[in-house]
1. Tell me, please, whether a residue that is of a type in the set (A, V, I, L, M, F, W, C) and modelled with pLDDT under 95 can be found in the stretch 191-203.
2. Being touching a strand residue (DSSP E or B) at 6+ places or on another chain (Cβ under 7 Å) and over 20 Å from residue 10 (Cα atoms) is the filter; apply it to the stretch 32-43 and report the residue that is surrounded by the most Cβ atoms within 10 Å (Cβ to Cβ).
3. For the stretch 103-125, give me the residue count where each residue is surrounded by fewer than 22 Cβ atoms within 10 Å (Cβ to Cβ) and either within 19 Å of residue 246 (Cα to Cα) or not hydroxyl-bearing (Ser, Thr, Tyr) (or both).
4. Can you confirm whether the stretch 124-145 contains a residue that is touching a Pro at 6+ places or on another chain (Cβ under 7 Å) and modelled with pLDDT of 95 or more?
5. As an exercise: evaluate residue 238 against (1) more than 18 Å from residue 120 (Cβ to Cβ); (2) within 27 Å of the chain's Cα centre (by Cα); (3) at pLDDT 95 or above and give the number of the one condition it does not meet.
6. In the stretch 142-155, what count of residues is obtained for those that are out of contact with any strand residue (DSSP E or B) (no Cβ under 7 Å at 6 or more places or on another chain) and surrounded by fewer than 21 Cβ atoms within 10 Å (Cβ to Cβ)?
7. From the list 9, 22, pick out the single residue that is surrounded by fewer than 14 Cβ atoms within 10 Å (Cβ to Cβ) and assigned to a loop (DSSP other than H, G, I, E, B).
8. Here's a check for you: in the stretch 264-285, which residue that is touching a residue at least 40 places away in the same chain (Cβ under 8 Å) and either assigned to a loop (DSSP other than H, G, I, E, B) or of a type in the set (A, V, I, L, M) (or both) is nearest to residue 213 (Cα to Cα)?
Amino acid sequence: MKLLYYREKNFGDQLNPWLWDKLIPGVIDDNQTTTFVGIGTLINDRLPLKTKNSRLRAIFGTGVGYGNGIPQLNDTYKIYCLRGPLSAQALGVSDKLAVTDGAVLIRNLFDNYSHKKVYKFSYMPHFELAGTSWSLVCKSLGFGYIDPRWSIEKVLSSINETEVLLAEAMHGAIIADALRVPWVPIITNPTILQFKWQDWCQSVGVNYQPSHIKRLHHPNQKRDILSPIRLVRDWVRQQESKSQLMHIAKNAQPTLSSDTSIENLTQEMNARLDAFKQDFAQGMYL
């Protein structure tokens, strides 16, 4: 059974092989006749093409978004759960299929969510903007910096070591919530798909109220990087981002779903996972 996910060097996407290998060992292989559609915003018009060799697609905890529309559902799609109610509405299916993002099952792998805190605040940017500039800003503020391109283990540990996560990376916030770390959503880029955030936030019963920061580009990496004008411009941008990030840390109200809600959602997702395992054991995906 083939695992479908975006092959970006990005925490949310790379959670897929790491997590599913632990939760459903022995299920994932290179056989494209069936597909497991996992963590990510994967339900759009590209899905049929990406899974064109599949006679059956298992939809588990993913969401609607991106692309230029949604696929026409038929009996080749077996939906166990969706990221949230907005995905269910977009697909025209029962709200009972809207549970939450599949990444919440990270809770199955931790007996104790508490961890020694190293930072009061940490910032996790979108993977396309991660790098030197944000690292320098965070260091100057005494904040932790979490790069979504790091290894899964390093990101998980870093999230657990912070008291409040400032996150533009949505799966940073999802994992933080699952591990009981309060979070603040950040937007630096107008292309951020707010639909997926709203979809997930509704699933865990919280409001999506993002804070905005101007986009921070990387320091210029060309041969003339030592140009005084470029160095000054990079420094000014970093100072502006530093001021904005500190303002948010001081004034934004962190978000966290209730303990009851996240526990109930985890139990429900485990029930859906058990249903998938039963179907697999009975040969549905062979």
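1. Our first condition is that a residue be of a type in the set (A, V, I, L, M, F, W, C); within the stretch 191-203, this holds for 192-193, 195, 197, 200-201.
From what is left, the residues that are modelled with pLDDT under 95 are 192-193.
Scanning the stretch 191-203 turns up at least one residue that is of a type in the set (A, V, I, L, M, F, W, C) and modelled with pLDDT under 95.
2. Checked the stretch 32-43; the qualifying residue surrounded by the most Cβ atoms within 10 Å (Cβ to Cβ) is 35.
3. Count: 13.
4. Yes - at least one qualifying residue is present in the stretch 124-145.
5. Of the numbered conditions (1) more than 18 Å from residue 120 (Cβ to Cβ); (2) within 27 Å of the chain's Cα centre (by Cα); (3) at pLDDT 95 or above, the odd one out for residue 238 is (3).
6. First pass over the stretch 142-155, keeping only residues out of contact with any strand residue (DSSP E or B) (no Cβ under 7 Å at 6 or more places or on another chain): 142, 147, 149-155.
Those left that are additionally surrounded by fewer than 21 Cβ atoms within 10 Å (Cβ to Cβ): 142, 147, 149-154.
Of the residues in that region, 8 qualify.
7. On the way: 22 fails: assigned to a loop (DSSP other than H, G, I, E, B).
Criteria check complete, one pass: 9.
8. Result: 265.
The values are calculated or read from the model by the stated rules, or taken from the named source; none is laboratory data. Being a predicted model, the structure only gives us computed values, none of them experimental. Because the Cβ atoms are built from the backbone with ideal geometry, glycine has one as well, and the counts that use them run over all protein chains shown.
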